[in-house]
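All remarks here apply to the structure that follows.
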């Protein structure tokens, strides 16, 4: 039989007995998750914090139609019909009645105990089908969803807590393990008969990882059994108040309280919605269509050109100070030699004037005569003539006459 999660969810609006019963239980258990309205995949996407878009919805529908999701919904439907549709709603009524009669009157040898073990295996099977990874990773993923938590709370409180309250208290936190030791082999054979030996092996591996969290939740639920019983009794079908016999219960109809079918459908929808939201968020945004397809010219800001590199600085001529400071690098030694040579030449000129003029001292460099004498004296290879001496002597006598 093919399962469509949209069809499954549409059967459980807020006014249905199954939804009202589970919501009432969730309200009185402090550690229970919220139980919002989920009557479609759209509701599941919004409950998961996403926005309903065609892309997200299409992706969620794809995940809800995968092999694992279909296998989980098959198990949810099979649980409600396992005993001719009678197990669940007679179980709820009997559990409430047992609580009222004496805090849980069922023994571990009752059919209710076997039914509790079978449903525990079914929870493990559903988690195995829906999630990837090791047995521990799959169980952790089941417990991380709101719908998965609601399934575990309902199981711990209604399927185990109410009918076996006194046993739960005496067990010290290991009551479910006691039931599995008594009924595990027989109920595992039922899983094998409908799902195959491989599925049973995987289911038992997942149940081993689920057993400890379930034991803790059963122990915690035992603290709130009175408000749980009151909430459940308010939403049981009115026909069950007078239908104490099995025949009367069957007359109510096999689908009066298909709670497990509803819970599994909500789980599949939540998982599909969360996966779709995550996948769409991880995808890069699509590129804008070219102008030819839209008929509009899309302005794109031109890319900025890089500024050209500045030209290298022109070499600078060394300053006179630099030359003076660095004589070795600027040819300082040749300059010094030239200066010394000039001093030697000037000194030689003064000596020639002294020899030619007797005791005459070379005139000062500031007078015109000094300039002429220095020129004549420093002319290489030219000695003063007799005419020059005579003229010099007359000039000297004329100076004395004055």
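The values are calculated or read from the model by the stated rules, or taken from the named source; none is laboratory data. Note that the structure is a prediction, hence the values are computed from the model and not measured. Neighbour counts are summed over all protein chains in view; Cβ atoms, including those assigned to glycine, are modelled from backbone coordinates with ideal geometry.
Would you say residue 52 is surrounded by 20 or more Cβ atoms within 10 Å (Cβ to Cβ), touching a helix residue (DSSP H, G or I) at 6+ places or on another chain (Cβ under 6 Å), assigned to a loop (DSSP other than H, G, I, E, B) and at pLDDT 90 or above? Spell out how you get there, then give the answer.
Values: surrounded by 20 or more Cβ atoms within 10 Å (Cβ to Cβ): no; touching a helix residue (DSSP H, G or I) at 6+ places or on another chain (Cβ under 6 Å): yes; assigned to a loop (DSSP other than H, G, I, E, B): yes; at pLDDT 90 or above: yes.
So residue 52 does not fit the description; no.
Within the stretch 127-153, the only residue that satisfies the criterion of being under 18 Å from residue 74 (Cα atoms) and assigned to a loop (DSSP other than H, G, I, E, B) is 131. The residues of the stretch 141-193 that are crowded, with 17+ Cβ neighbours inside 10 Å and under 27 Å from the mean Cα position of the chain (by Cα), listed by number, are 142, 145, 146, 147, 148, 149.
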